[in-house]
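Encoded as structure tokens, the structure appears first; notes follow it.
The values are calculated or read from the model by the stated rules, or taken from the named source; none is laboratory data. Keep in mind that this is a model prediction, so the values were computed, not measured. FYI the Cβ positions are ideal-geometry reconstructions off the backbone, even for glycines, and counts take in every protein chain you see.
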């Protein structure tokens, strides 16, 4: 059975390159259950997985044209899935710490997927100290976005140890494709009717999307509100050159309640706090490398438009743009400006009907996709400087084959022109932040993870939040070493010292790659 790939999904396939593969991933860390050693649990899990040979969508989807010679590629369901290729069992070298785990996952995330096979891999990694093991999964972005992945995750993992022991392998669960009115393949009359209905829908939505896009273009040429970020308004920076094939990974974990307390005290959203601490970290990092642009950096913020009952794969996202105010030294002023910027961007998107949002997203992202397809990505001014994404995850503990999921980190893609992606996933009261970066463009990237923690503490201090109101953060769970020693950062310019001058005592070590 063949299934057309929507244009938004297909765009991730067209811009794929060896240096900038378009897959996303996750790092899940588990503790082994009581009553068996971790060695016994892993042996049991590996046996169960290797014996699971039923594959559901999207794990059995392969491209109808691996070389993408067609204008409208299709997914074809296949019965031939080489499990030995897609599922791999690895072990960390001693001492099996977060550094070794991060090094391995950074390397695994650097390799493109094979377009002649279903576009996913799963790696079970043993040898992590503390009776733990990890599961690294990567899947092409054309198959799934972040919210879709979270919904699939809640179906793959159980809510109790007992429930998780009865669940099949993840690839035997899969997504639930949207129901069609008629079974494929469609007859000509059905295809014509479907095309006509789609044309009528586009006829109503395209003018609305076009007007929203033209308003944004007009704002770029003649700004009426500096808080409203527009495409290409951000400067060229060290984040926005060509990327290489190697990746770095850094992670950090905070208590979600701690971030909520800060948001309530500042009367902003949790996402505004997240953007503010990322902005602060970027400002400080760029100052240390004598590379802070005179214009403020901007961020593309993915926004899910997926219905609550949609358990299908694919992408159902749009983008809004936000000004990060990296030129503002005062943390509270920066936070307030960011809040204003995100409010304006959300209001513009929410003013459009749902059927217009997809067309608007295609129009907004087209310049970036054209840059990547023509090889100009990283050579011209970026549509925005970085992607910062907040994906809501499960609020309760989850289990896999009787083992408890203790930490979950998203690992994203970085195209030419955007050497850094910052994504956070909330899980069971945690606020898990992952930095995915280009190995060469961002030396000592782990400092960004440290600086977000220090920026959060700085906001707490400025807002008068007492220590008794804060909950201690959980220990950082992943730490990766660079494949080679990074270049020493340049000495910061004295006139450009960041607002936070000294490291708080409670700062945590990040994961580094």
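At-a-glance table
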| quantity | calculated |
| --- | --- |
| Any hit, segment 391-413, residues being under 23 Å from residue 6 (Cβ atoms), modelled with pLDDT of 95 or more and part of a loop (DSSP other than H, G, I, E, B) | yes |
| Residues located in segment 414-457, provided they are outside any loop (DSSP other than H, G, I, E, B) and free of Cβ contacts under 8 Å to residues at least 40 places away in the same chain | 421, 427 |
| Subset of segment 321-335 (residues that are outside any loop (DSSP other than H, G, I, E, B), touching a residue at least 12 places away in the same chain (Cβ under 8 Å) and surrounded by fewer than 20 Cβ atoms within 10 Å (Cβ to Cβ)) | 332 |
| Flag for residue 338 being assigned by TED's automatic domain parsing to the domain that holds residue 228, under 22 Å from the mean Cα position of the chain (by Cα) and not in a helix (DSSP H, G or I) | no |
| Tally of residues being farther than 10 Å from residue 315 by Cα and not in a helix (DSSP H, G or I) across segment 138-155 | 3 |
| Criterion: modelled with pLDDT of 95 or more, surrounded by 15 or more Cβ atoms within 10 Å (Cβ to Cβ), assigned by TED's automatic domain parsing to the domain that holds residue 23 and more than 20 Å from residue 4 (Cα to Cα) - qualifying residue of 119, 113 | 113 |
| Candidates 368, 373, filtered to the one that is within 23 Å of the chain's Cα centre (by Cα), surrounded by fewer than 16 Cβ atoms within 10 Å (Cβ to Cβ) and under 26 Å from residue 23 (Cβ atoms) | 373 |
| Within segment 58-67, considering residues that are assigned to a loop (DSSP other than H, G, I, E, B) and in contact with a strand residue (DSSP E or B) (Cβ under 7 Å, 6 or more places away or on another chain), the one surrounded by the most Cβ atoms within 10 Å (Cβ to Cβ) | 58 |
| Residue among 24, 46, 76 that is out of contact with any helix residue (DSSP H, G or I) (no Cβ under 9 Å at 6 or more places or on another chain) and assigned to a strand (DSSP E or B) | 76 |
| Residue check for residue 380: in contact (Cβ under 8 Å) with a residue 60 or more places away in the chain and either touching a helix residue (DSSP H, G or I) at 6+ places or on another chain (Cβ under 8 Å) or farther than 26 Å from residue 236 by Cβ (or both) | no |
| So residue 98, is it in contact (Cβ under 8 Å) with a residue 40 or more places away in the chain, surrounded by fewer than 19 Cβ atoms within 10 Å (Cβ to Cβ) and either in contact with a helix residue (DSSP H, G or I) (Cβ under 7 Å, 6 or more places away or on another chain) or under 27 Å from residue 421 (Cβ atoms) (or both) | no |
| Search result, residues across segment 1-15 that are touching a strand residue (DSSP E or B) at 6+ places or on another chain (Cβ under 8 Å) and in a loop (DSSP other than H, G, I, E, B) | 1, 5, 6 |
| From the options 259, 243, 268, residue that is in a loop (DSSP other than H, G, I, E, B), touching a strand residue (DSSP E or B) at 6+ places or on another chain (Cβ under 8 Å) and modelled with pLDDT of 95 or more | 243 |
| Conditions (1) without any contact (Cβ under 8 Å) to a residue 24 or more places away in the chain; (2) not in a loop (DSSP other than H, G, I, E, B); number of the one not met by residue 134 | (1) |
| Out of 402, 429, 393, sole residue that is within 16 Å of the chain's Cα centre (by Cα) and surrounded by fewer than 24 Cβ atoms within 10 Å (Cβ to Cβ) | 393 |
| Search result, residues across segment 302-320 that are within 15 Å of residue 362 (Cα to Cα) and surrounded by 24 or more Cβ atoms within 10 Å (Cβ to Cβ) | 315 |
